[in-house]
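The values are calculated or read from the model by the stated rules, or taken from the named source; none is laboratory data. Remember, predicted model here, so these are calculated numbers, not experimental data. Neighbour counts run over all protein chains shown; Cβ positions are idealised from the backbone, glycine included. Protein only, heavy atoms only, side chains kept; ligands, DNA and RNA dropped before computing areas. Shrake-Rupley method; radii C 1.70, N 1.55, O 1.52, S 1.80 Å.
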Amino acid sequence: MAEYSIGVDLGGTNLRVAAIDRDGRMMQKIASSTDLTNGPEAVVADMAAAIEALRATLGTHSLHGIGVAVPGFIRLKEGVIAGSNNLAVLEGFPMRDALQRKLGTPVILENDANAAAMGEKWIGAGRDVNDLVLITLGTGVGGGIIADGKIVHGYLGMAGEVGHITVVPNGNPCGCGNRGCLEKHASATAIAALAFLIGLGDVTSEQVYTLAKAGDERALAVFDHMGRALGIALAAMVNTFNFPLYLISGGPLPAWDVFSIPMLDEVSKRSFTFRASKTVIARAELGSEAGLFGAAYLPWGYETNYVARS
Ligand SMILES: [Zn+2]
């Protein structure tokens, strides 16, 4: 039997577990929903049951390792979810050790956006580069940074929180305590909130896009604001990193033709490095599966990403 690893993507609503081989081919996948009502131990039991099911079919000996992606701030060394807006019930919970005890196999716990960035680097839009930033637009805005092929963790494992870069000094208040964070001006949630504020009613970000395509001035203004907010954050990143590639993913991605114009205009105005280079800002390729693939890659990339840090 071919060697495989198991990736787990634990979201606020969906739990996905997949067995993936060394070349990035998905062998088997189990999709269910996240049930937070019975506390952290029950969440661990649900994940363990899905992993056990895959392990029983594909063989314990061929299992290379397990990677788990969760939304939130991770304390890497302790394997603890330090804080999470979508999984508040898991805050402070030693997820890694609880799962390891249950399975008797080492587990790597990682932030979901970091895992997604690694997925894009492995088999997605970033496969030809060694340095990239992935920005994911969802309920919030997540970010993952890959430098020299490795996830940038920072000293605790909390690096890459690009969603909390200030893009409007006195902008909308954010749950993190700051005002004007990128995620308050460029997430799917922010697009809907901005649309509501300027009188488009109770609409989703998809509906704002439909209106923008039809030429609605207010909907276009929402995407202009959103694109420029992204552009401000991207310019800061381009100036800081001089990476060849910055990827955008998430629900609002279909609106790329509308928001990328003001976004690129803003980056261009604010970054000499961007104007003087062939820096690429592009759409990610793996969509909502990036985190799942990235999580499965973590055991393969263990030496590179984790050993030198501890
Ligand atoms: Zn914030």
Inset, instruction - Give me the distance in nm between label points sitting 7 Å out from Cα along the Cα-to-Cβ direction at THR60 and ARG127, one decimal. - result: 3.4
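Provide the FRET efficiency to the nearest 0.05 for the LYS213-ALA282 pair, computing r from the beta carbons and using R0 = 30 Å. Walk me through the numbers on the way to the answer.
On the way: r = 21 Å, r/R0 = 0.70.
Between LYS213 and ALA282 the formula returns 0.90.
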Inset, instruction - List, in order, the whole-Hz ³J(HN,Hα) value for each residue of segment 223-231 obtained from phi through the Karplus relation with A = 6.51, B = -1.76, C = 1.60 and θ = phi - 60°; use x for Gly and Pro. - result: 6, 5, 4, 4, x, 5, 4, 4, x
Legend entry - For segment 96-104, 3J(HN,Hα) per residue [Karplus equation, 6.51 cos²θ - 1.76 cosθ + 1.60, θ = phi - 60°, Hz, x = Gly/Pro]: 4, 5, 5, 6, 4, 4, 5, 9, x
Inset, instruction - Could you tell me the distance between the Cα centroids of segment 77-93 and segment 101-153, to the nearest Å? - result: 18
Legend entry - Given charges at beta-carbon only (K, R positive; D, E negative), |dipole| of the chain in Debye: 500
Inset, instruction - Considering the options ASN111, LEU63, LEU87, tell which one lies farthest towards the positive end of the dipole of segment 49-116, charges being +1 on Lys and Arg and -1 on Asp and Glu at the Cβ, about the Cα centre. - result: LEU63
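Using a 10 Å cut-off on Cβ atoms, rank the peptides 107-120, 201-214, 30-43 from the highest mean neighbour count down.
Values: 107-120: 29.1, 201-214: 16.5, 30-43: 14.0.
In descending order of packing, they fall as 107-120, 201-214, 30-43.
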Inset, instruction - Please give the helix 40-58 orientation as an angle from the longest Cα principal axis of the chain, in degrees from 0 to 90, rounded to the nearest 10. - result: 70
Legend entry - Farthest toward positive dipole pole in segment 125-285 [+1 Lys/Arg, -1 Asp/Glu at C-beta], among ILE248, GLY126, ALA235: ALA235
Legend entry - Inter-site label distance for TYR302 and ALA53 at 7 Å from Cα along Cβ, in nm: 2.5
Legend entry - Hits among lysines - C-alpha to C-alpha of LYS278 under 20 Å, sequence gap 8 or more where chains match: LYS121, LYS269
Legend entry - Selected from ALA42, VAL222, ILE151, residue furthest toward positive end of dipole (the chain; charges at beta carbon): ILE151
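So what's the back-of-envelope 222 nm ellipticity for the chain, counting only DSSP H runs of four-plus at -39500 (n - 2.57) apiece and dividing by all residues, rounded to 500? Could you put the intermediate results ahead of the total?
Values: 11 runs with 119 residues, N = 310.
Here the helix-only value at 222 nm equals -11500 deg cm²/dmol.
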Legend entry - Candidate lysines - alpha carbon under 20 Å from LYS77, same-chain residues fewer than 8 apart omitted: LYS102, LYS150
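How many percent of Cα pairs in the chain exceed 37 Å?
Everything past 37 Å amounts to 15 percent.
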Legend entry - Accessible surface ranking that places the most exposed of PHE223, PHE73 first, with a 1.4 angstrom probe: PHE73, PHE223
